[in-house]
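These notes are about the structure you will find just below.
The values are calculated or read from the model by the stated rules, or taken from the named source; none is laboratory data. As the structure is a computational prediction, the values presented were derived from the model and not from experiment. Backbone-built Cβ (ideal geometry, glycine too); neighbour counts: all protein chains shown.
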Amino acid sequence: MDADRDLGFRLWFYDTDGSTELARHEGGSPTSRTVSRPNLNPGTYFVRVERLSGQGNYTIVATLNPAGVPSDREPNDSAETAQDLTPNSQTTGHLGYYSGGRTDTVDWHSLTSTFPGTLSVNVEAEPTLSYRLWLFDVNGGTDLARNEGGMPASRTVSRPDLNPGTYYVRVERLSGHGTYVISNTLRPHPFQEDAELNDTADAAVNLALGGRDTGLLGYYCDRK
């Protein structure tokens with residue numbers, strides 16, 4: 001905001017409730033003042049121009065720079081509200097953005113596999129966002145893999161031994177704000193799965209004399 005030199009003023013920036021202060025500029029007696037926030041979610045925000053002394057005209061200009069990629073669907077702050085991921089695809093999200101007294105600190109995603117195989121999930125984030133990455137079992141609570149050390153922009157979690165099921169990924173903000181790209185790779189095992197459940201003699205799979213069959217062992221899912 002630019003004002004006549006005879007006008008002393010200060011400048012305030014408020015949240016969507018019109019009362020929570022987000023930024024202010026009030027020191028000294030400049031003719032130009034600026035307030036800004038780099039991490040705002042969609043919403044209606046408020047600016048207050050307050051006279052301190054004198055009189056004069058002013059010009060006020062608002063500049064809005066959108067985030068570089070589309071946001072994830074909200075709410076998705078729990079396994080129950082996780083955003084679905086299509087196997088072998090990518091999507092985008094935001095973390096650390098603020099509105100209405102709340103900062104978005106965690107995003108949950110889910111992915112459904114229909115075959116035994118290897119699942120790998122990668123996140124590439126802006127350098128302004130510090131985060132950690134988790135892979136959870138079908139119950140949404142058992143930790144299968146995590147990547148949380150240091151402050152890299154790229155993190156990957158994977159498991160080579162997953163049975164069919166719906167698994168969950170949590171992207172958790174540690175500090176800062178920014179956008180990210182989340183991608184996944186789901187690769188089937190080359191052998192056909194044996195009929196389950198066949199863990200006892202009573203449930204054995206019939207194998208014809210001279211026949212040939214395939215099976216898998218060591219594959220994991222909470223339901224087993």
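When the test is whether a residue is surrounded by fewer than 10 Cβ atoms within 10 Å (Cβ to Cβ) and over 26 Å from residue 110 (Cβ atoms), residue 198 does not pass it.
Among the residues of segment 102-139, those identified as in a loop (DSSP other than H, G, I, E, B) and over 18 Å from residue 184 (Cα atoms) are 104, 105, 126, 127, 128, 139. Checked against (1) loosely packed, with under 15 Cβ neighbours inside 10 Å; (2) in contact (Cβ under 8 Å) with a residue 40 or more places away in the chain; (3) within 24 Å of the chain's Cα centre (by Cα), residue 218 meets all criteria but (3). Hey, among 63, 114, which residue is of a type in the set (Val, Ile, Thr) and in contact (Cβ under 8 Å) with a residue 12 or more places away in the chain? Sole residue among the options that is of a type in the set (Val, Ile, Thr) and in contact (Cβ under 8 Å) with a residue 12 or more places away in the chain: 114. Evaluation of residue 130 against the conditions (1) under 25 Å from residue 153 (Cβ atoms); (2) in contact with a Pro (Cβ under 6 Å, 6 or more places away or on another chain) shows that the sole unmet condition is (2). Whenever a residue of segment 117-135 is modelled with pLDDT under 95, its partners that are assigned to a loop (DSSP other than H, G, I, E, B) and not aromatic (Phe, Trp, Tyr), lying with C-beta atoms within less than 7 angstrom and at least six residues away or across chains, give the pairs 117/189. Within segment 23-65, the only residue that satisfies the criterion of being part of a loop (DSSP other than H, G, I, E, B), β-branched (Val, Ile, Thr) and touching a Phe, Trp or Tyr at 6+ places or on another chain (Cβ under 7 Å) is 35. Can you spot a residue in segment 48-66 that is loosely packed, with under 15 Cβ neighbours inside 10 Å and within 30 Å of residue 134 (Cα to Cα)? Within segment 48-66, one or more residues are loosely packed, with under 15 Cβ neighbours inside 10 Å and within 30 Å of residue 134 (Cα to Cα). Can you name the residue in segment 145-163 that is in contact (Cβ under 8 Å) with a residue 40 or more places away in the chain and not hydroxyl-bearing (Ser, Thr, Tyr) and is also surrounded by the fewest Cβ atoms within 10 Å (Cβ to Cβ) among such residues? Checking each candidate, the answer is 160.
Residues in segment 45-83 that are farther than 30 Å from residue 110 by Cβ and within 23 Å of the chain's Cα centre (by Cα): 2 in all.
Given the structure, is residue 80 in contact with a strand residue (DSSP E or B) (Cβ under 7 Å, 6 or more places away or on another chain), in contact (Cβ under 8 Å) with a residue 12 or more places away in the chain and not β-branched (Val, Ile, Thr)?
Criteria not met by residue 80.
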